[in-house]
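Encoded as structure tokens, the structure appears first; notes follow it.
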Amino acid sequence: MKTRLTKLLGIEHPIVQGGMQWVGLAELASAVSNAGGLGILTGLTQPTPEALLKEIQRCRNMTDKPFAVNLTILPTIKPVPYEEYAQAIVDSGVKIVETAGRNPEPFLPMFKEAGIFVIHKCTSIRHSLKAEKIGCDAVSVDGFECAGHPGEDDVTNMILLPLAARRLSIPFLASGGLGDGKGLAASLAMGADGINMGTRFMVTQEAPIHKRVKQAMVDATELDTALIYRSLRNTARVFKNSIAEQVLEIEGQPGATDFEDIRPLVQGAKGRELFEEGDLDRGIWSAGMIVGLIDDIPTCEELINRIVAEADDIINERLQQLATA
Ligand SMILES: Cc1cc2nc3c(=O)[nH]c(=O)nc-3n(C[C@H](O)[C@H](O)[C@H](O)COP(=O)(O)O)c2cc1C
């Protein structure tokens, strides 16, 4: 399956693993790249820009295929030296970056000068058009189904993707709610050049998180995610555990939400401990509605091959038969 993006990114299959805080380490990114997709290291998972350089080197030792680095520009509890992380990416020689969160414009000159291909992840058509205008090479269109930050518009991929196909000239990935061959075939049908998956890649053998977290997502249904921080206009889709429910309860109280009331529940360090120790109610973790379609914990290679084979079968068998019936 060759698309504009498989060619531009130098990958075999049109499948990308989105940046994931605490999850996007070299083990996962290299496994995805070795399986013919595009693995992405999460820049800010590394405590310093120097540590990111080391992680990039570790990933290079694990794969000779292309991989990318994610730079997420969002409000954080602790201030982040974004410029220094961006410089580390340039210095590393990595040639693909996934940006997300705020407008990546301040970092584009340095990325472009270094010949870096920039994929900006956004949750609306207006932000996708803006990304195209400022010179991003591609976008990832993150629908309302997605894990993490779906924005505030609540538009699903059934609408976003055909709109992106109509309005964008640059290639785009479908992101959010994808995890099987049906999703890949449908995304390609709606005009996307491939898919970006987060949650589905968390539930693989190589994802560096506790197996209880993976099993919780296998056991979950499509109803087991929650939208927190709505009252702060910084909505996040997370797994619906007792901590997410407590956050929702605080947000549901009359009057404006004070983040200080929520902060102790949602600290990043607790999310990291949850992933390491498998205590499912230690903190919160991002998870998308696709949990409802996840039934097993395959290797990245098994997963990617299965998705491509299923999509191929749909396109070349089912749809062909329908077209010629
Ligand atoms: C555990 C987890 C952490 C994530 N952290 C980030 C992040 O730090 N930066 C980012 O741009 N996206 C992050 N995402 C979003 C993914 O890159 C991707 O856009 C999203 O998961 C797509 O939706 P899906 O989970 O339905 O596939 C995260 C997703 C998950 C599941």
Only one residue in Ile250, Ile262 is modelled with pLDDT of 95 or more, under 23 Å from Thr45 (Cα atoms), in a helix (DSSP H, G or I) and not hydroxyl-bearing (Ser, Thr, Tyr). Which one? Ile262
Between residues in the stretch 99-125 that are at positive phi and residues that are among the hydrophobic types (A, V, I, L, M, F, W, C) and modelled with pLDDT under 95, which pairs lie under 9 Å by C-beta distance while being six or more apart or on different chains? Gly101/Ile73; Gly101/Leu74
Can you work out which of the residues in the stretch 39-96 that are over 14 Å from Gly24 (Cβ atoms) and surrounded by 23 or more Cβ atoms within 10 Å (Cβ to Cβ) is nearest to the ligand (Cβ to nearest atom)? Ala86
Filtering the stretch 136-189 down to residues that are of a type in the set (A, V, I, L, M) and farther than 21 Å from Thr6 by Cα, which residue is farthest from the ligand (Cβ to nearest atom)? Leu163
Being more than 18 Å from the chain's Cα centre (by Cα), in a helix (DSSP H, G or I) and within 16 Å of the ligand (Cβ to nearest atom) is the filter here; which residues of the stretch 268-305 pass it? Ala269, Lys270, Glu273, Leu274, Glu276, Glu277
Members of the stretch 97-110 found to be more than 13 Å from the ligand (Cβ to nearest atom) and in contact with a helix residue (DSSP H, G or I) (Cβ under 9 Å, 6 or more places away or on another chain), listed by number: Asn103, Glu105, Pro106, Phe107, Leu108, Met110
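The values are calculated or read from the model by the stated rules, or taken from the named source; none is laboratory data. The shown structure was predicted, so the numbers you read here are calculated from the model rather than taken from an experiment. When we count neighbours, we look across all protein chains shown, and the Cβ atoms used for this are built from the backbone with ideal geometry, even at glycine.
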